[in-house]
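Below: the structure, in structure tokens.
The values are calculated or read from the model by the stated rules, or taken from the named source; none is laboratory data. Just so you know, these numbers come straight off a predicted model, no measurement behind them. Here Cβ is always computed from backbone atoms with ideal geometry, including for glycine, and neighbour counts include all displayed protein chains.
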Amino acid sequence: MKKLSILSKLLVCSGLVFVGFSAQADEVKGSAAAGNTKVWLCVGCHSIPDYRADYPLVYRVPMLGGQNAAYITTALSEYKKGERKHPTMRSIATSLSDQDMADIGEYYAAQTASSPNNPLK
Ligand code: HEC
């Protein structure tokens, strides 16, 4: 009987640790609205002027609008860590915090070919 109660206490403890970890993993949440104020850095190279009029050219690489947020965040942190080598993207990514990357990812993920014409896409 005693053994059983120790065991159940252990289970409760490890459950708490687990909850603690998963709460931490969710800490950085991106916001598209916040991202809107940060993408001015990227516009010079990644924005496509008159997006809709140039519809067949929308899929030029690398296009960010409509990409999965996690894909963008991961790519940026890979540049920051040096796992991706492009020198300009590396220096830009180095200046971004995890929060900036998450916000920018959400912002671009929210852009689609049918979004209203938006010079920051
Ligand atoms: C000076 C021009 C320039 C600026 C400014 C710039 N980028 Fe880039 N970006 C590039 C180029 C060129 C590539 C392709 C590099 C490569 O092949 O690794 C790229 C690649 C990327 C990729 C990877 C795309 C893919 O499909 O793999 C992401 C994500 C990205 N940029 C995000 C950003 C964000 C976010 C900003 C603003 C904070 C930004 N870039 C600013 C030129 C730029």
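Worth a mention:
- Residue pairs whose Cβ atoms lie under 8 Å apart, separated by 6 or more positions or on different chains, with the first residue in the stretch 75-93 and under 19 Å from K38 (Cα atoms) and the second of a type in the set (S, T, N, Q), are Y79/T94; K80/T94; A93/S77.
- Count of the stretch 73-98 residues which are part of a loop (DSSP other than H, G, I, E, B) and either surrounded by fewer than 11 Cβ atoms within 10 Å (Cβ to Cβ) or more than 9 Å from the ligand (Cβ to nearest atom) (or both): 5
- A34 being among the hydrophobic types (A, V, I, L, M, F, W, C) and modelled with pLDDT of 85 or more: yes
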